[in-house]
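First comes the structure, then the notes that go with it.
Any read-out appearing in this document is the output of simple, stated calculations on the displayed coordinates, not a laboratory observation. Remember, predicted model here, so these are calculated numbers, not experimental data. Positions of Cβ are backbone-derived with ideal geometry, glycine not excepted, and every protein chain shown enters the neighbour counts.
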Amino acid sequence: IRGRAVRGGREGAAGPDAAEVRERGAEPGAASRRSRVEADMDVEIVITGTEVTNGSIVDTNSAWLARRLTQLGCVVRRKTSVGDRMDDLVGALRSAASRASAVIVSGGLGPTRDDLTRAAAARAAGTHLRFLPEEARRLAARWRARGLEMPPSNRTQAWIPRGARSRTNKAERWAVCA
């Protein structure tokens, strides 16, 4: 995929997407970090989840992201919502990447069967997923810190597309990849 894909969750406007954008300099007074984002960069936002497309939940992340990206000098060209179907996700990612310098995706990173974003991003980029043992250990440690054992399904959160970089967001809920 041309450009970058940054992943985050959809648990409201202050979720992992917010942390990633804040880290890149969205908060006031962060001028020294603003150089990481090119002025007038064309950006598309892709929101995933059938719960969004069928109206069960309201997408607040894309509005928050669009405001923050605009503050950073980016030009948000399009926002797309797509349900939890692999072919639809791959198509939306490829289409967005063909038009934009950066694609920011929110949703589909959880451990459930309908969280297809990792695999869709890999497929759209023509690559495969790779397992990050250090990420699996970090996730397991977070569960242990709460006195819980991590369910085996959560190991899926340690897989990212080959060629992507994993970065833990400030909320440390899960890694984002770029």
Interchain or sequence-distant (5+) residues whose placed amide H lies within less than 5 Å of the amide H of residue 130 are 160, 162
Long-range amide H contacts for residue 46: which residues qualify at under 5 Å (H placed 1.01 Å from N, peptide plane, sequence gap of 5 or more or a different chain)? 80, 104, 105, 106
Along region 104-120, what does the Karplus equation 6.51 cos²θ - 1.76 cosθ + 1.60 (θ = phi - 60°) give for ³J(HN,Hα), rounded to whole Hz, x for Gly and Pro? 10, 10, 10, x, x, 9, x, x, 8, 4, 8, 8, 9, 4, 4, 5, 5
One computes Rg over Rh for region 68-127 from alpha-carbon atoms, with the Kirkwood Rh, and obtains 0.99
Can you quote the Å³ per residue value for the convex hull of the Cα atoms in region 31-131, rounded to an integer? 117
Calculated FRET value between residue 98 and residue 70, using beta carbons and R₀ = 25 Å, to 0.05: 0.70
Compactness of region 90-161 as Cα Rg over 2.2 N^0.38 Å, two decimals: 1.27
